[in-house]
1. Could you work out how far apart the two model spin labels at residue 141 and residue 78 are, taking each label as a point 7 Å from the Cα in the direction of the beta carbon, and quote it in nm?
2. First check a/c for the chain, with a ≥ b ≥ c the square roots of the eigenvalues of its C-alpha gyration tensor; if it is under 1.5, answer rounded, and if not, answer prolate when a/b is larger than b/c or oblate otherwise.
3. What distance in nm separates the two pseudo spin-label positions at residue 106 and residue 39, each 7 Å out from Cα along the beta-carbon direction?
4. How far, in nm, would the chain grow between residue 27 and residue 158 when pulled straight, counting 0.36 nm per residue and subtracting the alpha carbon separation?
5. What does the C-alpha gyration tensor say about the overall shape of the range 1-74? Classify as rounded when a/c is under 1.5, otherwise prolate if a/b is larger than b/c, or oblate.
6. As a check on your grasp of the helix formula, calculate [θ] at 222 nm for the chain: sum -39500 (n - 2.57) over DSSP H runs of n ≥ 4, divide by the residue count, round to the nearest 500.
7. Rounded to the nearest 10 degrees, what's the angle between the helix 113-135 long axis and the longest principal axis of the chain, both from Cα atoms, 0 to 90?
8. Just need the relative contact order of the range 18-125 here, percent rounded to a whole number, with Cα pairs under 8 Å and 6+ apart.
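Nothing in this text is a laboratory measurement; each read-out follows from the coordinates by a stated rule. This one's a predicted model, so the numbers in the text were calculated from it and none came from an experiment. With ideal geometry, Cβ positions are generated from the backbone for all residues, glycine too; neighbour counts draw on all protein chains shown.
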């Protein structure tokens, strides 16, 4: 058997300093409140999620800050970025609570005002965190120190695909 590795992605390297700052901003912004029309739509989606679907009120709630052990249960090319510079991200309620990614329920809610409201929560939170990064030198220093501690003194970033060119023509039939 022959095989060729044509891509790869590093796991996301967390930065607790930035994550705490972003979480504080998310708490200031708050969750997503549904209008009566959105609630009717969301209830129809919720019915399709099964008997263990969480309540719609979960969209308004901000979960407590926590450090999750292990890797994020999804893939992202931001993982590679996080090994080159301190990085942070967040998730907001752009779908009906309990919706799994890559499902028709996610698609159905994504283009509605429910999705837009979640996007606005995310945009405000990210913008506020960007202001913190630009105005709080102590936080930036602490984030950088944490980053350097996590990568270790001898770390050198090398893409997981090595020195091969990325498969930009993978859709071309041979």
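1. About 2.7 nm, to one decimal.
2. On the way: a/c = 2.39, a/b = 1.27, b/c = 1.88.
Judged from the Cα gyration tensor, the chain comes out oblate (a/c at least 1.5, b/c at or above a/b).
3. Rounded to a tenth, the inter-label distance reads 2.8 nm.
4. Values: separation 131, 0.36 × 131 = 47.16 nm, distance 3.65 nm.
Here the segment from residue 27 to residue 158 would lengthen by 43.5 nm.
5. Numbers: a/c = 2.97, a/b = 1.43, b/c = 2.07.
Oblate, since a/c reaches 1.5 and b/c is not below a/b.
6. Numbers: 6 runs with 76 residues, N = 174.
Only helices count here, giving -14000 deg cm²/dmol.
7. The answer is roughly 50 degrees.
8. On the way: 104 pairs, mean separation 42.2, N = 108.
This gives 39 percent for the range 18-125.
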